[in-house]
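Peer 1: I have a structure here, written as structure tokens, and I will follow up with some questions on it.
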Amino acid sequence: MSLWSRIANVFCSDRLNREIDEELESHIQEAIEHGRDPAEVRRAFGSTLRHREESRDVRLLMWLDSLRADAVSGLRQLKKNKITSAAAIVSLALAIGACTSAFRLVDALLLRPLPVVEPEGLYILSRHGAGFDGKPGTFEDYQYPLFRQLRGAVKGQAELLAISYAERMDLTYGADQEMEKALLQYVSGSMFGSFGLRPVLGRLLTESDDLTAGAHPLAVLSHDYWTRRFGQDPKVIGRTFRLRNDLYQIVGVADAPFSGTEPGTMTDIFVPAIMHPDVGNSNSSWLRTWARLKLGVAGEPVRQKLQATYRAFEEERGKGAGLKGTDQERFGNIIAQAMVLQPAAAGVSEMQENSRPSLTLLGVVVVLVLLITCANVANLMIAQGAARAREMGLRISIGAGRWRLVQLVLMESAWIAMLALALGSLFAWWAAPFVVSSINPPDNPARLFLPADCRVFLFALVLTLGVTFLFGVLPAVRASATKPVSALKGGEDPHSRRRLMHALIALQVAFCFLVLFVASLFVATFERLSHRPTGFSAERVLALDTVAERPQPPLFWDQIVDHLRTVPGVEKVAVASWPLLVGYGFRSYISISGVPQNGVFTYFLSVSPGWIDAMKIVFVDGRDFLASDTSPVVAIVNEAFAKAYFDGVNPVGKSFDKGQSRYRIVGLVRDAMYSRTREPLLPTAYVPFQSVDERMAWAPMAPRSRGTFIVRTYNPNPLTLALTLRQEVTRARAEFRVSNIRTQLEINESQTVRERLLAMLALFFAVVALLLAGVGLYGVLHYSVLQRRHEIGIRMAIGAQARDIARHVIADISSMVLVGALAGLALAMSSIRYVETLFYQVKATDLPMLGLPSLAIVAAALLASLPAVIQAVRIDPAEMLRAE
């Protein structure tokens, strides 16, 4: 008989039995037809059942048939115990869905290879060593002239690609006067060919499009941007848009799903690297250098050539800068940096690097939640198995082996796991995109590619098989160890089963405490960063990012400020180079009385008169800028500046030098955050927005092409004036256009996007862990009450009060909760030192960090024990005595 026939017979057992019975009967009838006595024939033929079983063994795959039978039995058990089964399936589905959702986020940001040809062959050129400030770090930025030299040094051995950092740029399409934002990357013309990408429309950039500076104003759109912005309109080819002072023509659309090289960011537009305004500037680092080694070429010789070329370029640049003394020593740190070929199959981005440690820790939290779930379901199955002890004893008595009992219980576990997988997959499909969208700032959202593809399915499947083994093996082994005599007489010692269940409860509580502890650290970090004093008032403030087609003199900017002050609803107006807390800025070293201040950076920000008042930064001493003040002549500094350079003494009236420029301090203000909320309050110097172009002999006012108007309104919702202010800027000076409008509160909140995401995820997992631990406690208490009904009834019959019964019921479980909490505390205290740097001003010894998990676990234990206590005190003593 063929293998396929034997497999088919497994799932058609009724038909097979009929065929075997018919065949056996035909043999008996044949003997009778030959004249033999029917009774003698049947007696000689023997047991029909035995012959049927022997025949089935030949026509079936027995191992597959036993699996089918155990699967049917397992499904019947689930239907028989609906409440217990539903609790196990839902709790496990929640855990599998949470784990799969976390995997989708981690995979999209850290693991998923770029959708290009042979992504495993991609490398990023990074440098390890001390920076200009002497602090160790990893650096990936390069200048285009250096890139050209590096590319020439390894020609024939490796292909180098220049790809800029993705940047949100202001552009306009056609004659549209409304500016819009798009994420843009400057790329080598050979990038699309090297990556094996094809156009879905038009053509892609080639090497011939990347030869002469400023001569190739061409653009390729990503498929995602083409869909969002143009609705997949095929007429987009040939359209133009203005970027800075260049008019670019769209020549093609890249095929999906490629949308750039930075996970967490989807690039909208790709233009040739040779079109970058700083393409010839040896002091401007704006690109990453990617490498793909030629077939058969070793990496180390290539790295050594790149290292030698890099050092020669930087040494020559240092000589041209004429550095001396301390600056020359600092520049030596840059020259000494070691170049590394870093694998970059999954791409490279700032979000990726910043999120890697936190997401790794969150992954540990998810694993702990999964272990809590496995312990919880195992407890429920052990409790359910107590009611089946007689059944297991009977199975062993009639010949079932230990492996067959293990298989039986594991099949029940597999049913629970597969049903949980179905529910968990639906949850994961919804949860990951929802979490990302709910924490995104509207101005610059993180965009992750989150497909529910075979990678996600394979992870969920492997996870399901793993948890089936984790929560199913212990109940299965215990079931297989059942002693038939003991089971048929009334079961094994219930105390041993309770001890195992109590141990699992302690394990759940320990893991739950650890999850809650880590979650409280994430939440505390977010809360402290969100409520950290900024030093300025963000309420009722709008930031109008404004650009001009060509640099305009400061007088024109002042005219717009004066005009906006006349708009109804406007309280105060000023202008600055950029808003506070946008994540970037300008910093430099200074000197006092000609003496360099080693290792201390000072932030600089150009602001107009009235800006400090508009931001409500408090003056300590001195005055605000006057309309006649210019940079470099005067400056206003903060208290951190005074502490760093003047030992806290009032510096008003004193001077400092930046390069060849000298500034006289005319004002002292309180500290205010400058770039990022996680940074300490650093020395900051505010200089006049009106600056002198010192390169010209007659020192004219330097024109500016971009700036930010800061508008404080009377209305609590400043966005109500957004459209009006946008129109008034252009009405005041036709050369200016508003490219973006944000409230200062939105800018502040964008600083804690990562912390908000991690806090939300950690809090979600903490709630899940707490619910699962509560379900586990309830399951054990419920089982304990069922096992001790007679004992409790006797105690009540001899006079025990309800409070005594309640105390007696929860006494054992309380000790296990305490043991688990202490174990969790020990785990938390021993591991926190490895991850403490991930959190902001949060220490493991903070009382709230220890108290919150403890209070939450106590509350969960009380709620979980309440139904069991009510069940115990409602036991009828008379009924129990009659049963005896």
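Peer 1: Assuming 0.36 nm per residue, please report the length gained on full extension of the stretch Lys305 to His563 beyond their Cα-Cα distance.
Peer 2: Numbers: separation 258, 0.36 × 258 = 92.88 nm, distance 5.83 nm.
Result: 87.0 nm gained on full extension.
Peer 1: Counting only the heavy atoms of the protein chains, how much of Tyr674 is accessible to a 1.4 Å probe, in Å² to the nearest 10?
Peer 2: Taking all protein chains as shown, Tyr674 has close to 10 Å².
Peer 1: Taking all protein chains in place and a 1.4 Å probe, what share, in percent, of the accessible surface of the stretch 500-652 do carbon and sulfur account for?
Peer 2: 57
Peer 1: Oh, and also: Given H placed on each backbone N at 1.01 Å, which residues far from Lys294 in sequence or on other chains put an amide H within less than 5 Å of it?
Peer 2: Ala158, Glu159
Peer 1: Glu549 to Arg455: FRET efficiency via 1/(1 + (r/R0)^6), r the Cβ-Cβ distance, R0 45 Å, to the nearest 0.05? Mind showing how you got there, number by number?
Peer 2: Values: r = 47 Å, r/R0 = 1.04.
Efficiency for this residue pair is about 0.45.
Peer 1: If you average the C-alpha positions of the stretch 761-814 and of the stretch 291-314 separately, how far apart do those two centres end up, in angstrom?
Peer 2: Computed from Cα coordinates, the inter-centre distance equals 67 Å.
Peer 1: Roughly how many whole Å is it from the C-alpha centroid of the stretch 106-122 to that of the stretch 546-560?
Peer 2: 44
Peer 1: So which of Lys572/Lys643; Lys135/Lys643; Lys135/Lys305; Lys181/Lys235; Lys616/Lys643 end up more than 28 Å apart by C-alpha? Please list the in-between numbers first.
Peer 2: Working: Lys572/Lys643 31 Å; Lys135/Lys643 22 Å; Lys135/Lys305 26 Å; Lys181/Lys235 21 Å; Lys616/Lys643 22 Å.
Flagged as over cut-off: Lys572/Lys643.
Peer 1: Once you have a ≥ b ≥ c as the square roots of the Cα gyration tensor eigenvalues for the stretch 119-345, tell me rounded if a/c is under 1.5, and otherwise prolate or oblate according to whether a/b is larger than b/c. Walk me through the numbers before you get to the answer.
Peer 2: Numbers: a/c = 2.24, a/b = 1.62, b/c = 1.38.
Because a/c hits 1.5 or more and a/b exceeds b/c, the stretch 119-345 counts as prolate.
Peer 1: In addition: Using heavy-atom solvent-accessible surface (probe 1.4 Å) with all chains present, what is the largest-first order of His563, His216, His790?
Peer 2: The most accessible residue leads, giving His790, His563, His216.
Peer 1: Sort Ser26, Ser593 by heavy-atom solvent-accessible area, probe 1.4 angstrom, most to least.
Peer 2: Ser593, Ser26
Peer 1: For Asp804 and Glu527, compute 0.36 nm times the residue count separating them, minus their Cα-Cα distance, and round to one decimal in nm.
Peer 2: Values: separation 277, 0.36 × 277 = 99.72 nm, distance 4.36 nm.
Full-extension gain reported as 95.4 nm.
Peer 1: Within the accessible area of the stretch 184-271, what % is carbon and sulfur when the probe is 1.4 Å and the other protein chains stay in place?
Peer 2: Values: 1640 of 3410 Å².
Exposed carbon and sulfur together represent 48 percent of the surface.
Peer 1: OK, next. Tabulate in residue order the Karplus-calculated ³J(HN,Hα) for the stretch 338-345, using 6.51 cos²θ - 1.76 cosθ + 1.60 with θ = phi - 60°, rounded to whole Hz; enter x for Gly and Pro.
Peer 2: Values per residue, Gly and Pro as x: 8, 7, 9, 8, 8, x, 9, 4 Hz.
Peer 1: Mind ranking 160-173, 604-617 by how tightly packed they are, going by the mean number of other C-beta atoms within 10 angstrom, highest first?
Peer 2: On the way: 160-173: 19.4, 604-617: 20.9.
In decreasing order of mean packing, 160-173, 604-617 become 604-617, 160-173.
Peer 1: Moving on to the next point. For Phe459, Phe656, give me the order by solvent-accessible area with a 1.4 Å probe, most accessible first, ignoring ligands, DNA and RNA.
Peer 2: Values: Phe459 65, Phe656 0 Å².
Highest to lowest solvent-accessible surface, that is Phe459, Phe656.
Peer 1: To continue, here is another question. Provide the solvent-accessible area of Ser750, counting protein heavy atoms only and rolling a 1.4 Å probe, rounded to the nearest 10 Å².
Peer 2: Counting only protein heavy atoms, the figure is 50 Å².
Peer 1: Also, I was wondering about something else. Out of residues 5 or more away from Tyr165 or on other chains, whose amide H comes under 5 Å of its own, with H placed 1.01 Å from N in the peptide plane?
Peer 2: Counting only residues 5 or more places away or on other chains, the set is Arg288.
Peer 1: Could you provide, to the nearest whole Å², the per residue accessible area of the stretch 119-345 with probe 1.4 Å?
Peer 2: On the way: 9730 Å² over 227 residues.
Normalised by residue count, the accessible surface of the stretch 119-345 is 43 Å².
The values are calculated or read from the model by the stated rules, or taken from the named source; none is laboratory data. Worth saying up front: this structure is predicted, and the values here are computed from it rather than measured. With ideal geometry, Cβ positions are generated from the backbone for all residues, glycine too; neighbour counts draw on all protein chains shown. Areas reflect the complete protein model, heavy atoms only, side chains present, ligands, DNA and RNA absent. Shrake-Rupley method; radii C 1.70, N 1.55, O 1.52, S 1.80 Å.
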